[in-house]
1. For A:K77, list long-range residues whose amide hydrogen, built 1.01 Å from N in the peptide plane, is under 5 Å from its own amide hydrogen.
2. Once you charge only the Cβ atoms, +1 for Lys and Arg and -1 for Asp and Glu, what is the size of the charge dipole of chain A about its Cα centre, to the nearest 20 debye?
3. Suppose a student asked you for the relative contact order of the range A:34-98, using Cα pairs under 8 Å spaced at least 6 residues apart; what percent would you report?
4. Which translational diffusion coefficient, to the nearest whole µm²/s, is obtained for the range B:182-237 from the Stokes-Einstein equation, given a Kirkwood hydrodynamic radius over C-alpha pairs, 10 °C and 1.306 mPa s?
5. Using 7 Å Cα-to-Cβ label points, what is the A:R20/A:V208 separation (nm, one decimal)?
6. Mean projection of the alpha-carbon convex hull of chain A over all orientations, in nm²?
7. Which residue, A:I258, A:I301, A:I121, has the most motion in a Gaussian network model of chain A that connects Cα atoms within less than 10 Å?
8. At a Cα cut-off below 16 Å, give the aspartates and glutamates reachable from A:K220, other chains included and same-chain residues fewer than 8 away excluded.
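Values in this text are rule-based calculations from the coordinates and carry no lab data. This one's a predicted model, so the numbers in the text were calculated from it and none came from an experiment. For neighbour counting, all protein chains shown are included, and Cβ atoms are generated from backbone atoms with ideal geometry for every residue, glycine included.
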Amino acid sequence: MAELTMGAVQFAERATTLKRFIATDSFFRHLTRAAAISVLAILFGVFVSLALGAWPAFRTFGLDFLTAQSWNPVTEKFGALAPVYGTLVTSLIAMLIAVPVGIGIAIFLTELCPRLLRQSIGIAIELLAGIPSIIYGIWGLFVFAPFLQQHVQPALIDLFGGVPLLNQLFAGPPYGIGIFTAGLILAIMVIPFVSSISRDVFETTPAVLKESAYALAATKWEVIWSVVLPHGRAGVLGGVMLGLGRALGETMAVTFVIGNAHRISVSILAPGTTISATIANEFTEAVGDLYTASLIALGFILFVITFIVLALARYMLSRFELRTR
Amino acid sequence: MMSRYSRRLLRSRVWLTFSVGAAAFGLLWLVLILSTLVWNGLAGLSFSVFTEMTPPPGGAGGLLNPIIGSLIITALAVAIGTPVGILAGTYMAEYGRFDRITYAIRFINDILLSAPSIIVGLFVYEILVVPMGHFSGFAGAVALAVIVIPVVVRTTEDMLLLVPNQMREAASALGAPQWFVISRVAYRAAQAGIITGVLLAVARISGETAPLLFTALNNQFWSINLNTPMPSLPVVIFQFALSPYEDWQRLAWTGALLITAAVLSLSVLARTLASKGGER
């Protein structure tokens with residue numbers, strides 16, 4: 001009799017424990033699922049809140065917002081052309097420098113560097129990506145821009161002075177700050193992105209392929225050019241897009257050295273502005289709803305552009321299944 | 001025949017020299033930036049930097065209030081972002097490993113990971129600063145938390161996926177429910193990696209300026225009230241560096257040195273922790 005009640009008690013205890021287990025499990029499952037969905041909610045929230053905030057500007061100016069160059073808080077006429085132009089041109093300058101240099105570094109690290117130095121040089125290059133952007137800004141303003149103004153820009157103006165087209169592109173006076181300087185600083189910031197992803201991609205080249213090429217008496221460069229680079233093409237392109245995403249959206253470094261001038265100049269030595277620099281400089285001082293809405297509209301444009309670029313980057317990198325930051 | 005081969009060799013050498021040059025070019029900037037930073041930063045570094053408030057133009061002072069502000073905002077951002085990130089990563093690696101939604105979340109999370117931080121600032125301005133009616137340290141912390149989440153999600157998921165399935169199966173065979181398997185087996189195995197992710201996230205947000213500009217704003221005075229505008233080191237550097245006053249510019253360099261030292265040592269720490277975890 002006593003044994004029987006013991007058994008019943010045990011059975012009941014086991015049933016409640018099991019129930020508690022199931023309840024906890026379902027609670028935990030829903031909790032983690034909610035957290036995972038919040039990631040989607042954040043992106044959705046960014047999109048909706050920026051679209052709503054930008055709506056007054058889009059309603060007032062329509063499509064002219066994208067093509068108008070004027071940016072006048074007094075008459076409340078706003079157009080995005082100058083900042084969009086500045087964003088694209090600074091990023092273009094940055095990529096023109098960062099892509100060859102970044103790929104060169106990746107080739108050096110995977111094919112040339114002595115094994116002992118490989119890791120330390122790789123980490124050193126990646127530290128460039130770890131330095132906060134405001135540090136690039138303060139360094140660019142106080143060290144780099146004065147150097148360019150005194151030594152590099154006068155030389156460029158002299159050098160291209162007699163060449164048609166190029167003398168327009170490099171027309172003086174040397175301000176130090178401007179589109180050119182911002183592009184160079186962005187290039188330094190983007191180099192580690194391109195090089196670290198390219199290195200990871202190059203390392204996935206099967207050794208057999210390279211050995212076969214060497215066996216056919218290919219030189220080291222021929223192996224790199226005809227085996228390593230074609231094998232990693234999509235991955236390198238993904239890394240380049242990721243770097244472009246950073247260059248387009250970079251704020252602080254650019255804000256320090258761009259000059260914040262709302263105009264489109266042919267000369268890349270002239271001051272200009274970018275989307276992010278305009279927002280950073282003017283947002284807290286913007287008076288009037290239309291002014292604020294126009295700045296948010298700029299942010300919305302930047303968000304859409306970077307979203308497309310980053311989505312393309314991820315699509316290309318997904319083939320390599322790399323762990324990227 | 002021979003001359004053709006030597007021409008190919010020459011071409012190879014020329015290109016490889018370019019590649020070595022590229023590496024030297026990259027390292028050159030690191031050396032240049034860090035050396036000017038240390039040179040200018042050390043010039044203004046003194047004990048009073050850590051004990052005195054930010055000065056008015058022309059006066060003497062330190063960076064005590066922005067340092068404290070940065071610490072509070074960063075700590076709160078990590079406190080908000082880390083649990084969300086770890087839980088989301090858990091869902092993606094454990095409960096929903098093969099769900100279709102996990103693929104969508106992974107894609108979106110990777111985009112959030114590299115989205116421009118100034119956009120995050122605008123977003124939090126719209127959802128917190130506008131409804132509250134004023135800038136606040138809390139809004140700044142939320143903005144940084146939005147940046148923490150994708151970093152932690154990514155590392156948590158990666159690390160949990162590395163845990164061998166046999167360990168989970170062994171625990172399940174002993175009758176442990178799934179939450180128990182996750183919290184007592186999977187989390188413990190992935191511990192070092194998850195901590196690395198949090199450290200990386202802290203390193204990432206310590207230098208962030210753009211999201212704080214119009215959320216936490218700035219404050220010339222001592223402020224630990226999260227409901228008011230709060231000073232932070234990056235924003236003060238921004239303000240002081242662009243000012244015409246030499247004392248302020250010197251303090252900006254010192255602040256820049258402090259931030260860089262903190263960020264770089266955090267990422268080195270995370271890296272060593274990660275490589276130790278990998279060796280086991």
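1. A:N72
2. Working: 19 positive and 17 negative charges, 130 e Å.
With only Lys, Arg, Asp and Glu charged at Cβ, the dipole is about 620 debye.
3. 17
4. Working: Rh = 13.6 Å.
Calculated translational D: 116 µm²/s.
5. With each label placed 7 Å out from Cα toward Cβ, I get 5.7 nm.
6. Values: hull surface 115.4 nm².
In nm², the orientation-averaged hull projection of chain A is 28.8.
7. Per the Cα network of chain A with a 10 Å cutoff, A:I121 tops the list.
8. A:E111, A:E203, A:E211
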